[in-house]
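Written below as structure tokens is the structure these notes are about.
The values are calculated or read from the model by the stated rules, or taken from the named source; none is laboratory data. Computed from a predicted model, the values in this text were never measured in an experiment. Cβ placement follows ideal geometry from the backbone for every residue including glycine, while neighbour counts extend to all protein chains displayed.
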Amino acid sequence: MTQQKTNPYLESMEIPPGYLNIMGYVDESEVNGPGCRAVVWVQGCLRECPGCFNVESWSFESNQLISVDSLAKKILSNPRNQGVTFSGGEPFWQASALASVAQQVKAAGLNVMSFTGFTLEQLQSQYAPTGAQNLLEQLDILIDGPYIQSLAINSPNSPVSSSNQKIHVFNPALQDQITWASDQIEIHIFKDGSRLITGYRGGLELED
Ligand code: SF4
């Protein structure tokens, strides 16, 4: 019998079936995983890590609701995206919906990576969030473990933010593509003039 971990905040959220609650989205990022890729920042995290670079992602209140199908289409609509990275917030609190997105984009030949504050062992245990196994089965790369400020690595050559975090490459074809650095930044300027700054320790900053 499994005793999957429940999240009281998530249970009180009104996310319609087949939808995700996200904090942000960007195409063509080169600092959040191998190659050029879309990044989805999900909304909601319970950890409250000191030094967290995305404090706005902690709340489980409804932010941007998007259907699984719309999100998959959005990722696939940009031919420069070679993959997608799920960041947060905590992606595994919305694991089932993200697994469905991953399934659709993988069928089109893209690769899928996720960050998580859980360890891989926790995600494989009976206490993992609902749907964790489904999402793990879709992933090419997992970066696990919470951000620990006292173990921070501010190096232009490190793909992780703190030394406790581990890179699990499930797809051997990507083994030699762990080349991005978490300490680089990228500025995306959109047609409406708004800006998104990402990449510094995997973070996200939105400006009008
Ligand atoms: S797990 Fe990530 S998003 Fe959550 S509090 Fe820690 S650093 Fe922030």
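Quick look at the values:
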quantity: Residue ID - farthest from residue 101 (Cα to Cα), chosen from residues in region 45-80 that are more than 16 Å from the ligand (Cβ to nearest atom) and among the small types (Gly, Ala, Ser); calculated: 62
quantity: Hey, residue 198 modelled with pLDDT of 70 or more, in contact with a Leu (Cβ under 6 Å, 6 or more places away or on another chain) and under 16 Å from residue 35 (Cβ atoms) or not; calculated: yes
quantity: Flag if residue 141 is within 16 Å of the ligand (Cβ to nearest atom) and over 15 Å from residue 23 (Cα atoms); calculated: no
quantity: Inter-residue pairs, beta-carbon under 6 Å, first on the phi < 0 side of the Ramachandran plot and without any contact (Cβ under 8 Å) to a residue 60 or more places away in the chain and in region 101-122, second assigned to a strand (DSSP E or B) and within 16 Å of the ligand (Cβ to nearest atom), 6+ apart; calculated: 114/86; 114/142; 116/144; 119/144; 120/144
quantity: Within region 36-105, strands (runs of 3 or more DSSP E) holding 3 or more residues that are surrounded by fewer than 22 Cβ atoms within 10 Å (Cβ to Cβ) and of a type outside the set (Phe, Trp, Tyr); calculated: 64-67
quantity: Sole exception among (1) among the polar types (S, T, N, Q); (2) surrounded by 17 or more Cβ atoms within 10 Å (Cβ to Cβ); (3) assigned to a loop (DSSP other than H, G, I, E, B) for residue 122, by number; calculated: (3)
quantity: Total residues in region 125-168, condition in a loop (DSSP other than H, G, I, E, B) and in contact (Cβ under 8 Å) with a residue 12 or more places away in the chain; calculated: 23
quantity: Evaluation of residue 191 against (1) more than 19 Å from residue 83 (Cβ to Cβ); (2) at pLDDT 90 or above (one fails), failing number; calculated: (2)
quantity: Hits in region 18-44 - residues which are closer than 19 Å to residue 162 by Cα and more than 14 Å from the ligand (Cβ to nearest atom); calculated: 31, 33, 34
quantity: Whichever residue in region 101-130 is away from the ligand (no atom under 16 Å from the Cβ) and within 14 Å of the chain's Cα centre (by Cα) and, among such residues, is farthest from residue 180 (Cα to Cα); calculated: 101
